[in-house]
Amino acid sequence: MPTISPHAAGSRAQLSAQEITVGFGSRPVLENISLCLNPASRLAVIGENGRGKSTLLQVLAGLRTPDSGHVQVNGSVGFAHQEMHFDPEATIGDLVAQATAASRLALSGLHAAAQDLASGQSGSEQRYAQALEQATALDAWDAERRVDLALQALHAETNRERKLDELSVGQRYRVRLACLLGGTDDFLLLDEPTNHLDAPSLAFLADSISGRRGAVVMVSHDRILLRRCATSFLDLDPSADGRPLAYTGDYDGYRLARMAERERWDQLYLRQQQEHAKLQQDLSAAQDRLVSGWRPPKGTGKHARATRAGSLVRSVHQRRERLESHSVDLPPAPRHFRLPVLGARPGIELLRASDLTVSGRLDTPVCLALHAGSRLVVTGPNGAGKSTLLQVLSGNLEPSRGQLHHAAALRAGYLPQESTLPAELRASDVYRQQVQRIVSRGIISAEHAVGLPELGLLRTAEAAQRIGELSMGQQRRLQLAMVLAARPHVLLLDEPTNHLSMALVDELTEALQATGAAVVLGTHDRQLLSDTGRWPRLRLESSNH
Ligand SMILES: Nc1ncnc2c1ncn2[C@@H]1O[C@H](COP(=O)(O)OP(=O)(O)OP(=O)(O)O)[C@@H](O)[C@H]1O
Ligand SMILES: [Mg+2]
């Protein structure tokens with residue numbers, strides 16, 4: 001395990017990872033990754049879903065031992081995992097106490113050192129100087145206030161007594177993020193930190209990352225955050241030489257570098273194929289000469305013929321060996337998402353909501369009607385009831401007041417903000433069960449149900465894995481696939497871009513623009529909001545905040 005100093009190292013903080021390699025079973029995930037961070041680093045780790053970004057962060061945080069390579073850290077590390085595990089008994093106060101523990105320790109150390117100094121104990125001057133340096137590095141006097149400010153800025157619950165278990169997923173994430181952003185860890189590792197944040201919280205996150213004294217490593221599909229904050233990039237997606245692409249500069253520069261790298265790979269591939277074809281030709285020519293093309297001149301002696309034949313055989317062997325050792329590294333085909341044909345007869349009212357409210361969760365009465373091809377974006381601050389509304393519209397939650405009407409035989413596809421799938425089952429089996437379920441309920445006939453490979457969301461090998469072995473993005477892909485299996489007439493998507501790769505976010509956005517189904521989006525994703533800028537908006541206001 002790496003050595004992690006629990007003490008703030010301030011300007012001397014450094015984290016270096018050398019030749020990190022991690023595999024699961026026989027599958028390599030990370031190979032020979034090296035990086036070095038100092039307090040000024042703002043590193044973005046990029047890569048397709050399942051590429052190993054979260055695994056790398058776990059290695060850097062000392063939570064996973066690599067198969068080979070090592071990590072050295074001088075300084076303290078704070079980590080916001082992509083998925084938040086928590087003790088159900090813990091309260092917000094416990095999280096805050098944890099976040100400020102180092103500061104309290106530093107202050108009590110300083111207090112003790114000051115008393116020693118006052119009573120003239122030997123060596124107390126040096127101890128006092130060290131304690132003062134530690135408290136200063138942590139800015140320990142201000143620790144509680146910083147966390148409080150961060151809690152407020154993220155619109156997080158501030159009541160210290162409340163149990164984490166009683167909070168919504170988004171509320172829990174915001175409390176944890178506030179504790180980390182308000183803290184003074186030398187290294188902050190943030191895995192998809194923008195999920196569950198509304199616009200003001202996103203702005204606070206970006207300001208905190210940019211203005212921080214210590215280093216930040218971020219994994220995010222939020223291009224606006226990367227553009228604003230990242231100053232270096234580590235791209236784990238495949239490249240021609242099998243090494244990750246490391247780039248120093250801004251996001252746009254990185255994108256250009258990535259495109260240039262892809263171009264170089266394509267060129268290399270083309271050249272390799274030409275060389276391969278030439279070697280193949282050489283081999284065929286040598287074989288022809290050996291078999292029939294070689295006619296020894298009349299009167300050539302038996303000895304000379306034997307020598308000549310031997311050299312031709314050698315030449316054929318050499319050419320064959322050269323051909324066999326010459327590999328062509330095909331650029332891997334990128335995965336492409338294909339939204340199945342969805343839709344309903346034009347003109348039919350698919351869904352109508354009249355004055356819907358859910359007490360304590362959705363206070364703004366909602367009236368709406370959806371037809372084939374309708375578009376709607378539900379906006380509003382954290383806690384305004386967007387998820388509640390989508391849940392009600394899907395028929396999964398009873399409203400307290402108002403009415404919901406679904407057209408007869410309506411197929412509504414609902415993607416919840418967060419949901420869990422059985423970790424021990426294989427992705428393909430869970431998908432098959434979903435199809436069986438919708439077919440047996442008569443929602444769709446077996447021949448019209450969508451097959452998993454048709455969607456381009458998971459590769460065959462990924463579909464064969466157990467869900468617990470899939471990355472968060474791969475799990476989200478499976479959930480999206482399960483929603484699409486029944487060819488819904490209405491898509492109710494709650495934060496659909498959470499955990500998805502940037503490439504898939506683009507493909508999904510494009511597909512949603514074009515589909516014949518009605519689409520209702522609940523999202524804070526700034527890119528998605530701007531890409532769906534022409535869609536009608538339904539803004540919910542919160543009475544809690
Ligand atoms: N416990 C495990 N057993 C087997 N394979 C695993 C396990 N955990 C992760 N993997 C595999 O390791 C790979 C990398 O996973 P990781 O979570 O690091 O990806 P990621 O880049 O963070 O993806 P995402 O963008 O979806 O968050 C994935 O292909 C995943 O299937
Ligand atoms: Mg991940």
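The C-beta contact set for the stretch 302-329 (first residue farther than 28 Å from Gln273 by Cα, second residue surrounded by 13 or more Cβ atoms within 10 Å (Cβ to Cβ) and at pLDDT below 75, distance under 9 angstrom, 6+ apart or interchain) comprises Ala309/Leu290.
In the stretch 72-94, the residue that is modelled with the lowest pLDDT out of those that are of a type in the set (A, V, I, L, M, F, W, C) and within 16 Å of ligand 2 (Cβ to nearest atom) is Met84. Every test in (1) buried (at least 23 other Cβ atoms within 10 Å of the Cβ); (2) touching a Gly at 6+ places or on another chain (Cβ under 9 Å) is passed by Leu234 save one, and that test is (1).
Has the stretch 346-364 got at least one residue that is closer than 30 Å to Lys278 by Cα, over 25 Å from the mean Cα position of the chain (by Cα) and surrounded by fewer than 18 Cβ atoms within 10 Å (Cβ to Cβ)? There is no residue in the stretch 346-364 that is closer than 30 Å to Lys278 by Cα, over 25 Å from the mean Cα position of the chain (by Cα) and surrounded by fewer than 18 Cβ atoms within 10 Å (Cβ to Cβ).
Being at pLDDT below 95, more than 16 Å from ligand 1 (Cβ to nearest atom) and part of a loop (DSSP other than H, G, I, E, B) is a condition met by no residue of the stretch 245-255. For the stretch 215-228, a tally of residues being touching a residue at least 60 places away in the same chain (Cβ under 8 Å) and over 17 Å from the mean Cα position of the chain (by Cα) returns 1.
For the stretch 507-516, the count of residues that are crowded, with 18+ Cβ neighbours inside 10 Å, modelled with pLDDT of 95 or more and over 30 Å from Leu202 (Cα atoms) is zero. Scanning the stretch 523-532 for residues that are in contact with a helix residue (DSSP H, G or I) (Cβ under 8 Å, 6 or more places away or on another chain) and either modelled with pLDDT of 95 or more or surrounded by fewer than 24 Cβ atoms within 10 Å (Cβ to Cβ) (or both) gives Thr523, Arg526, Gln527, Leu528, Asp531, Thr532. Condition (residue is away from ligand 1 (no atom under 15 Å from the Cβ) and either over 23 Å from Ala372 (Cα atoms) or within 16 Å of the chain's Cα centre (by Cα) (or both)) applied to the stretch 455-467: is it met by at least one residue? Yes; the residues of the stretch 455-467 include at least one that is away from ligand 1 (no atom under 15 Å from the Cβ) and either over 23 Å from Ala372 (Cα atoms) or within 16 Å of the chain's Cα centre (by Cα) (or both).
Among the residues of the stretch 187-202, those that are away from ligand 1 (no atom under 16 Å from the Cβ) and at pLDDT 95 or above comprise Phe187, Leu188. Looking only at the stretch 419-427, decide whether some residue is more than 16 Å from ligand 1 (Cβ to nearest atom) and either of a type in the set (Val, Ile, Thr) or in contact with a helix residue (DSSP H, G or I) (Cβ under 7 Å, 6 or more places away or on another chain) (or both). No, there is no match, as no residue in the stretch 419-427 is more than 16 Å from ligand 1 (Cβ to nearest atom) and either of a type in the set (Val, Ile, Thr) or in contact with a helix residue (DSSP H, G or I) (Cβ under 7 Å, 6 or more places away or on another chain) (or both). Listed by first and then second residue, the pairs with beta-carbon distance under 7 Å, at least 6 apart or on different chains, first residue in the stretch 85-110 and over 11 Å from Gln134 (Cβ atoms), second assigned to a helix (DSSP H, G or I) and not hydrophobic (A, V, I, L, M, F, W, C), are Phe86/Arg172; Pro88/Asp165; Leu95/Arg176; Ala99/Gly182; Thr100/Glu144.
Listed here are the strands (runs of 3 or more DSSP E) enclosed by the stretch 375-458 that have at least 1 residues being in the same structural domain as Leu202 (by TED's automatic domain parsing) and surrounded by 13 or more Cβ atoms within 10 Å (Cβ to Cβ), and there are none.
Return the only residue of Ala449, Ala427 being in contact with an Asp or Glu (Cβ under 8 Å, 6 or more places away or on another chain) and without any contact (Cβ under 8 Å) to a residue 60 or more places away in the chain. One residue alone meets the criteria, Ala427.
Put simply, of Ser168, Ser201, Ser208 the only residue that is outside the structural domain of Asn382 (by TED's automatic domain parsing), away from ligand 2 (no atom under 16 Å from the Cβ), surrounded by fewer than 20 Cβ atoms within 10 Å (Cβ to Cβ) and hydroxyl-bearing (Ser, Thr, Tyr) is Ser168. Tell me which residues, restricted to the stretch 211-223, are more than 15 Å from ligand 2 (Cβ to nearest atom) and surrounded by 23 or more Cβ atoms within 10 Å (Cβ to Cβ). The answer is Gly214, Val216. Checked against the criterion of being farther than 30 Å from Gly456 by Cα, at pLDDT 95 or above, surrounded by 14 or more Cβ atoms within 10 Å (Cβ to Cβ) and in the same structural domain as Ala137 (by TED's automatic domain parsing), the candidates Ala61, Ala44, Ala97 yield just one match: Ala61. Looking across Gly62, Gly75, Gly69, Gly52, one residue alone is without any contact (Cβ under 8 Å) to a residue 60 or more places away in the chain and either of a type outside the set (S, T, N, Q) or within 14 Å of ligand 1 (Cβ to nearest atom) (or both). It is Gly69. Scanning the stretch 458-479 for residues that are touching a Leu at 6+ places or on another chain (Cβ under 8 Å), within 16 Å of ligand 2 (Cβ to nearest atom) and not basic (Lys, Arg) yields Leu458, Glu462, Ile467, Leu470, Gly473, Gln474, Gln475, Leu478, Gln479. Here Ser239, Ser168 are screened, and the one residue that is within 16 Å of ligand 1 (Cβ to nearest atom), touching a residue at least 24 places away in the same chain (Cβ under 8 Å) and more than 17 Å from the chain's Cα centre (by Cα) is Ser239.
The values are calculated or read from the model by the stated rules, or taken from the named source; none is laboratory data. None of the values given here were measured: they were computed from a predicted structure. Neighbour counts run over all protein chains shown; Cβ positions are idealised from the backbone, glycine included.
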